Amino acid sequence: MQIKWAPALFAIGLASVAAIPRSQANETTLERMPAALETQFALSAVPPALRERASVYLLDPTKGYSLSKQGTSSLTCIVQRTAWEYSDFRNDIYWPVCYDAAGTKMHLKVIMDAAALRAQGMGPEALKAEISKRYRERTYKIPEKSGLSYMVGPVMRAAGPPDMKVRTMAMPHLMFYAPFVTNEEIGATPDFTNFSSLKYPFIDQHGIPEQSYVIQLIGEAETNKILADEAPLIDALCAYRDVLCLAHEGH
């Protein structure tokens, strides 16, 4: 399967869709995904050999996340739908992620609480303030040891390069926990329009310094293999909702 990348994003293997209509972008009511599709989507965040033993939580937009599949390993997988750090609720955020033991204990708790508070009616600005306050008050703590989150799925929809607007993209990567670490400290100078600055690890901060990660993108050859292997899931996601369709010609 030969992947054709959008010209502005070819270097890191991103493929974006056209901007969605304003009316759709402003819609905030979350739609519940079919359970089988959401499960497959969530598990795509980890390599195939790790999926059978991973746990999966599914989202009921009226309540929050609940356990759907009890695994036997330390990995826990979800499709995140609320990006609390944006201070903006959307219905078109989708990113599959699987946390290891440390992340399941710490970071996953934040995501689950954010989903529950949103379901209870808390607004986006209030939610960001509440999550930030809980970190300050140490209700939420940073991971107690090193670890990583897997995001090697074929599709995600979130804010991304080159302009950090919400788009659908193929961006398989790993996230290593690095609370309070900065790009300056590791000597990284990421520029989302510059391939050479993203080939090697850089820091991405999810809203606050406590949620900083070292990002390591998966190489282009392996990304192409992921996209080829996951073609049925890519097609199913596109059929389910057009904002989850990958553009093949850089639209």
Can you go through Leu9, Leu37, Leu14 and tell me which one is at pLDDT below 95 and either assigned to a helix (DSSP H, G or I) or among the small types (Gly, Ala, Ser) (or both)? Leu9
Identify the residue in the range 130-181 that is among the β-branched types (Val, Ile, Thr) and in contact with a strand residue (DSSP E or B) (Cβ under 6 Å, 6 or more places away or on another chain) and, among all such residues, is surrounded by the fewest Cβ atoms within 10 Å (Cβ to Cβ). Val181
When the range 54-89 is examined, which residues are found to be part of a strand (DSSP E or B), over 18 Å from Gln120 (Cβ atoms) and charged (D, E, K, R)? Lys69
Would you mention how many residues in the range 87-129 are open to solvent by less than 20 Å² (accessible area, probe 1.4 Å) and of a type in the set (Ser, Thr, Tyr)? 2
Tell me which of these Lys128 doesn't satisfy, since it passes every other one: (1) assigned to a helix (DSSP H, G or I); (2) basic (Lys, Arg); (3) free of Cβ contacts under 8 Å to residues at least 60 places away in the same chain. (3)
So Val46, is it surrounded by 17 or more Cβ atoms within 10 Å (Cβ to Cβ), within 29 Å of Met122 (Cα to Cα) and modelled with pLDDT of 95 or more: no
Looking at Leu246, Leu198, Leu217, can you tell me which residue is buried (at least 17 other Cβ atoms within 10 Å of the Cβ) and more than 26 Å from His107 (Cα to Cα)? Leu246
Scanning the range 76-124 for residues that are among the polar types (S, T, N, Q) and closer than 26 Å to Cys245 by Cα, the one modelled with the lowest pLDDT turns out to be Ser87
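The values are calculated or read from the model by the stated rules, or taken from the named source; none is laboratory data. None of these values were measured; they are calculated from a predicted model. We place every Cβ from the backbone using ideal geometry, glycine too, and count neighbours over all the protein chains shown. Keep in mind that these areas ignore ligands, DNA and RNA; they rest on the heavy atoms of the full protein, side chains included. Shrake-Rupley method; radii C 1.70, N 1.55, O 1.52, S 1.80 Å.
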